[in-house]
1. Checking Leu190 against (1) within 30 Å of Ala86 (Cβ to Cβ); (2) free of Cβ contacts under 8 Å to residues at least 12 places away in the same chain; (3) of a type outside the set (Asp, Glu), which single condition isn't satisfied?
2. Given the residues Glu236, Glu191, Glu231, which is the only one that is surrounded by fewer than 13 Cβ atoms within 10 Å (Cβ to Cβ) and within 22 Å of Asn170 (Cα to Cα)?
3. Has the stretch 6-18 got at least one residue that is small (Gly, Ala, Ser) and within 18 Å of Glu105 (Cα to Cα)?
4. Select from the stretch 155-176 the residues that are modelled with pLDDT of 90 or more and of a type in the set (D, E, K, R) and write down the one among them that is least open to solvent (accessible area, probe 1.4 Å).
5. Condition first: of a type in the set (A, V, I, L, M, F, W, C), farther than 16 Å from Ala13 by Cα and in a strand (DSSP E or B). Now tell me which residues in the stretch 75-108 satisfy that.
6. Which of the residues that make up the stretch 175-211 are assigned to a loop (DSSP other than H, G, I, E, B) and either of a type in the set (Ser, Thr, Tyr) or touching a Lys or Arg at 6+ places or on another chain (Cβ under 7 Å) (or both)?
7. Inside the stretch 76-102, can you point out the residues that are closer than 20 Å to Glu37 by Cα, of a type outside the set (S, T, N, Q) and at pLDDT 85 or above?
8. So, Asn179, is that one surrounded by 12 or more Cβ atoms within 10 Å (Cβ to Cβ), of a type in the set (S, T, N, Q) and within 29 Å of Arg88 (Cβ to Cβ) or not?
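The values are calculated or read from the model by the stated rules, or taken from the named source; none is laboratory data. Because the structure is predicted, anything quoted here is derived from the model rather than measured. Every residue, glycine as well, gets a Cβ built from its backbone with ideal geometry; the counts of neighbours run over all protein chains shown. Heads up: the accessible areas ignore ligands, DNA and RNA and are worked out on the full protein's heavy atoms, side chains in. Shrake-Rupley method; radii C 1.70, N 1.55, O 1.52, S 1.80 Å.
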Amino acid sequence: MNVLIIENEKPAADKLRRLLKSISPSNIVSGVLETVEHSINWFLKNENPDLVLMDIQLDDGICFEIFESVKISTPIIFTTAYDEYAIRAFKVNSVDYLLKPITKEALEEALNKFKNLFAASTKPIDEQIFNQLQKQLGKGYKSRFFVKIGEHCKSIAVNDIVCFYIIERNTFFTTKSGNRYDTEYSMEQLEIFLDPQQFFRVNRQMIININSITDIVAYSSSRLRVKIAQEEKVGEILISREKVPAFKKWLGR
């Protein structure tokens, strides 16, 4: 297996190289890169390896900057001392997320996971990876959101949230009582955090709670208008023709 290592700490990179060889002498390390810039240049000039072992904090920035400049289809095992990037890692080909110090057993398990995930399977790869990540983090879907209001803090139950929406690139949610709070999460992150049985992304700007729907009416021959609690605070909600089949399927689960 041809493996690329992206790691800014030489001792850590040397350890990964040794572990790879001890697990299987046939593993080949095609290179060790220390920076975002070097990594971008490498991917522009070389064919993608079979697998990448990637640290998150590099000398000149965060590894996710690499994906903003080049398209990487190679599966990635993240090797890092920081656990707060796990969900973001999932969005960019993550197979596993190993916290330092990395042991031979942990790396070997991750390599086996890589082989199992990318063998022939009827289950979508992204779904497999997400399920593995959820299991690894020991978390299910979010049940509450922590918000700060001035000097005060509050915990809002997901069941009390009517919808999430974007205003001028900022994400907010409105509760059944009509209160609005901002959240640091993007719509893409919310789609991962929220139970898809309960929440549906009706368009690019909004995710609604199935329990907040008060009425659904035909807007045209191919579109629907959805009315929800606190609608006056968020405006008219239209389901596009492309979204209607998925929306109907969601309602009929």
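1. The number of the failed condition is (2).
2. Residue meeting the stated conditions: Glu236.
3. Yes, the stretch 6-18 contains at least one residue that is small (Gly, Ala, Ser) and within 18 Å of Glu105 (Cα to Cα).
4. This residue is Asp160.
5. Selection gives Val95 alone.
6. Across the stretch 175-211, the qualifying residues are Ser177, Gly178, Tyr185, Ser186, Leu194, Gln197.
7. Ile76, Ile77, Phe78
8. It is true that Asn179 is surrounded by 12 or more Cβ atoms within 10 Å (Cβ to Cβ), of a type in the set (S, T, N, Q) and within 29 Å of Arg88 (Cβ to Cβ).
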